[in-house]
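Q: Dropping the structure in here first, questions after.
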Amino acid sequence: MRRKPVKDWNGKTAMTSLGDWVQKYLNYAQSMFVRKTYKEKRQVFRLFFKEINPAMPVNELKPADVLKYVVKQKEERSGNAANKDRKNLVAAWNWGMKYLNPPLPGPNPCLVERMPEIRHPRYVPPEEDFWKIYAVAEGQNSVMLLTFLHLAARRGEIFRLTWSDVDFGNDRIRLWTRKRQDGTFEYDWLPMTKELRKSLRWWWENRPIKESTHVFLCLDETAFAREYYGKPFVYRQHFMKGLCEKAKVKHFGFHSIRHLTASILYKLGYEVAAIQAILRHKSPGTTERYLRSIGMERVREVLENLPSSSTIQAEVIAFNRMFENDKIEAGK
């Protein structure tokens, strides 16, 4: 570079590199998606560039390169993890084909075969286990648990809940979610049950920090949580584990309560469409996946209704009679 004229020092190549593509996509992802989703995508590309040179021109990336990476992730992590990485790579390349200038070449080289997965069903606690942890919870924690159960809400939806979202006059609650394709916040109004209304009204009157707009706040004054006092929750990582240990039940998390609500409604006989409205799924297929493990019990009930040996009077044919009948039929 020293031998070249200064005017050539800032020259640019006409070819987009993989690193250029990824950096622009991550900038977009950071502005469009929640922090958890952005961090997941960033981690995918950190692993990807351990196997693929980020300086490689985008037109040189081949499906074989992507497949090699995906197979390695399947072997070192799991089939589920490998497929999640594949999904993020496909989405990023599709974005580049649509929005980069010049656009990424097609067809998408990341559309390689999916890896086999071993799916472990999510643990859904028995209803009595929920009420056991509810019994050992106190104050705000009891109200929060009941809110999770009665709204089948996601963790972020409850942590974002403000008092302006609680409409006592019309007995309804507004839940905001960002779990949509473009990352946009959307809200849904859900009915507020009488029991939940009573619990939230009690918390409204007895909350220690009256000026806060959020319904649930960190009220832990220990040294570890002191800096978060009075602020809305973000994770509450050890909260459910502590309650489960105290109640002496198998550990389950906030999202398992959402599954529990769906299972209770299903067992009460409500149709999938009604449960879908409560869970606020865009697709009924998502609701059906929630109910699949519960449906196994329904299949069990159906199978139990099959006729049993005690209800059927079947004639027992001896082997010698069977052979005699065969001879008669052959003679005919």
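Q: Being modelled with pLDDT under 95 and touching a helix residue (DSSP H, G or I) at 6+ places or on another chain (Cβ under 7 Å) is the filter here; which residues of region 116-130 pass it?
A: Within region 116-130, 116, 117, 118, 121, 122, 123, 124, 125, 127 qualify.
Yes/no per residue for (1) surrounded by fewer than 14 Cβ atoms within 10 Å (Cβ to Cβ); (2) closer than 17 Å to residue 24 by Cβ; (3) at pLDDT below 95; (4) β-branched (Val, Ile, Thr):
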position	(1), (2), (3), (4)
96	no, yes, no, no
101	yes, yes, yes, no
108	no, yes, no, no
112	no, no, no, yes
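Q: Okay, next question. Please determine whether any residue of region 293-309 is closer than 30 Å to residue 166 by Cα and modelled with pLDDT under 85. Spell out how you get there, then give the answer.
A: Quick first cut of region 293-309, residues closer than 30 Å to residue 166 by Cα only: none.
No, region 293-309 contains no residue that is closer than 30 Å to residue 166 by Cα and modelled with pLDDT under 85.
Q: Any residue at all in region 278-287 that is modelled with pLDDT of 85 or more, at positive phi and in a loop (DSSP other than H, G, I, E, B)?
A: yes
Q: Tell me, yes or no, whether region 135-146 has at least one residue that is in contact with a helix residue (DSSP H, G or I) (Cβ under 7 Å, 6 or more places away or on another chain), β-branched (Val, Ile, Thr), part of a helix (DSSP H, G or I) and under 25 Å from residue 266 (Cβ atoms).
A: No - not one qualifying residue is present in region 135-146.
Q: If I ask for residues that are over 20 Å from residue 132 (Cα atoms) and free of Cβ contacts under 8 Å to residues at least 12 places away in the same chain, which ones from region 242-274 would you list?
A: Narrowing region 242-274 to residues over 20 Å from residue 132 (Cα atoms): 266-274.
268, 269, 270, 271, 273, 274 - these are the residues of region 242-274 that are over 20 Å from residue 132 (Cα atoms) and free of Cβ contacts under 8 Å to residues at least 12 places away in the same chain.
Q: Now for a separate question. What number of residues within region 176-193 are surrounded by 10 or more Cβ atoms within 10 Å (Cβ to Cβ) and either among the hydroxyl-bearing types (Ser, Thr, Tyr) or assigned to a helix (DSSP H, G or I) (or both)? It would help to see each step written out before you state the result.
A: First, the residues of region 176-193 that are surrounded by 10 or more Cβ atoms within 10 Å (Cβ to Cβ): 176-180, 183, 185-193.
Those still in the list that are either among the hydroxyl-bearing types (Ser, Thr, Tyr) or assigned to a helix (DSSP H, G or I) (or both) too: 177, 187, 193.
Adding up the residues that qualify gives 3.
Q: Let me ask something else about it. Mind counting the residues in region 43-64 that are out of contact with any Pro (no Cβ under 8 Å at 6 or more places or on another chain) and either polar (S, T, N, Q) or more than 16 Å from residue 96 (Cα to Cα) (or both)? Working first, answer last.
A: Taking region 43-64 and keeping what is out of contact with any Pro (no Cβ under 8 Å at 6 or more places or on another chain), we get 43-57, 60, 64.
Checking which are either polar (S, T, N, Q) or more than 16 Å from residue 96 (Cα to Cα) (or both) leaves us with 43-44, 46-53, 55, 64.
The number of residues fulfilling the criteria is 12.
Q: Among helices (runs of 4 or more DSSP H) lying entirely in region 1-108, which contain 3 or more residues that are within 27 Å of residue 184 (Cβ to Cβ) and touching a residue at least 24 places away in the same chain (Cβ under 8 Å)? Can you show your working first?
A: Details: elements: 18-32, 35-51, 63-76, 79-99.
Here the list reads 18-32, 35-51, 79-99.
Q: Still on this structure: Any idea which of (1) over 26 Å from residue 186 (Cα atoms); (2) acidic (Asp, Glu); (3) touching a Ser or Thr at 6+ places or on another chain (Cβ under 7 Å) is the one residue 157 doesn't satisfy?
A: In the conditions (1) over 26 Å from residue 186 (Cα atoms); (2) acidic (Asp, Glu); (3) touching a Ser or Thr at 6+ places or on another chain (Cβ under 7 Å), residue 157 misses (1) alone.
The values are calculated or read from the model by the stated rules, or taken from the named source; none is laboratory data. Everything numeric in this text was worked out from a predicted model, so none of it was measured. Ideal geometry is used to build each Cβ from the backbone, glycine not excepted, and the neighbour counts take in all protein chains shown.
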